[in-house]
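The values are calculated or read from the model by the stated rules, or taken from the named source; none is laboratory data. Just so you know, these numbers come straight off a predicted model, no measurement behind them. Reconstructed Cβ throughout: ideal geometry from the backbone, glycine too, with neighbour counts over all protein chains shown. Quick note on the areas: whole protein, heavy atoms, side chains included, nothing else; ligands and nucleic acids left out. Shrake-Rupley method; radii C 1.70, N 1.55, O 1.52, S 1.80 Å.
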Amino acid sequence: MTATAGLKEAGRRQTAALLAFLLVQTLGTVFFVGDVIGDLREDPTSVHFIFEAGVTAALVLGIVFGAFALRRTIELLRAQEQALDVARGALGEVIETQFQAWALTPAERDVGFLALKGLDVAEIAELRGAAQGTVRAQLTRIYAKAGVSGRAQFAAFFVEDLLGQGVPASVG
Amino acid sequence: MAAPLTLAAPPSLWDPVVRLTHWGIAVSVLANALVTEGGSLWHVLLGWLVLALLMLRLVWGALGPTEARFSAFPPNPVAALRHLGQLASGRVRDYPSHNPAGAMMAYAFWACLALVTVTGLVMTGGATPMQVAADKAAVASGDWSALIRKGGDDNDEDSGLRHTAEEVHEVVANLLLILAALHVAGVVVEGRAMRRNLVAPMLLGERRK
């Protein structure tokens, strides 16, 4: 599971929990309101009735707040999704531009993308229906054109700019 | 994508409250119309459940996300007819929420659901499922006072009201089934015209492998 999938899963769990809470609360409120209306016909001035009416008002208020919380969670999740889409698109553009600057051939571009996605030589070869030796040769050419030592540096080339902070002083 | 183009299309997945209330009400109404016996504990219980789900959906119509709010699909019969005309000629456009005809269907459903639950409450004298269960248990154990109590405060006016409620309850329940059939037909026709799966957004969304 990727980091974003984990975030999404957590968000989904939170939404489900809030929804369950809201449903139980609405059920309780409807039953309670029914009961209060029944009491209303008997004696609306009794302490019992006034107390129950107060509890009902609190329950209704709880539904309103619960609904607000759920909507905020849903909107937050959507905003995250959208921001992620934008970032994904932007990163794709950066990679595309860089590949062009390195003058990679279309085949090398495909292999480069797959390598960035974390696929190994065997997987790339299977996906492209090519021999492993071909893929290995293509990767070597890509690394040479990019002027990097290997796959780790190749991937780091694109991640580096996304990481806001520099290397911590204690490490360097 | 964040492109504004997608804002005009209906959601690829409705929010969880819309989905829960939709299917909860659909199953409960079908069960009460076709399976449970009127006045039985299950019938009353499902009726109260529908009332709660309806309340939740109406609260959500005021407080929920944009496409679930009433403001996203105001009742507009003229627009609904225009939309049906477009559908007949095969030219359909996208709406950010329910299309105008679907919106009228939603409001018709809610009005019928409100009527059918309120008349149900009048028929049972507002008895909660717990009271119904207690009464049934008492009668079953040979204590018929529950029935007498119910009959005792039955003056003419009250029984007249109950009788009317019963008539309305039955008519509206049948109307609900007709609306449901129309709704399903609408989804099929609309989905075909738009070349889009309209059921998936109401279930789990488009499944990406």
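Among the residues of this structure, A:Leu139 does not count as one that is hydrophobic (A, V, I, L, M, F, W, C) and within 28 Å of B:Ser12 (Cβ to Cβ).
If the condition is being loosely packed, with under 13 Cβ neighbours inside 10 Å, closer than 30 Å to B:Arg57 by Cα and within 13 Å of chain B (Cβ to nearest Cβ), then the stretch A:40-60 contributes A:Leu40, A:Arg41. The selection criterion, being aliphatic (A, V, I, L, M) and away from chain B (no Cβ under 11 Å), does not hold for A:Ala79. Selection within the stretch B:103-136: residues that are part of a helix (DSSP H, G or I), at pLDDT below 85 and not acidic (Asp, Glu). The member of this set that is surrounded by the most Cβ atoms within 10 Å (Cβ to Cβ) is B:Val132.
Applying the condition of being at the interface with chain B (Cβ under 10 Å from one of its Cβ atoms) and open to solvent by 70 Å² or more (accessible area, probe 1.4 Å) to the stretch A:61-74 and asking which residue is farthest from A:Val30 (Cα to Cα) yields A:Arg72. Per the listing A:Gly11, A:Gly28, the residue uniquely within 11 Å of chain B (Cβ to nearest Cβ) and either in contact with a Lys or Arg (Cβ under 8 Å, 6 or more places away or on another chain) or part of a helix (DSSP H, G or I) (or both) is A:Gly28.
Scanning the stretch B:32-90 for residues that are more than 30 Å from B:Ala140 (Cα to Cα), of a type in the set (Gly, Ala, Ser) and either surrounded by 14 or more Cβ atoms within 10 Å (Cβ to Cβ) or modelled with pLDDT of 95 or more (or both) yields B:Gly61, B:Gly64, B:Ala68, B:Ala72, B:Ala79, B:Ala80.
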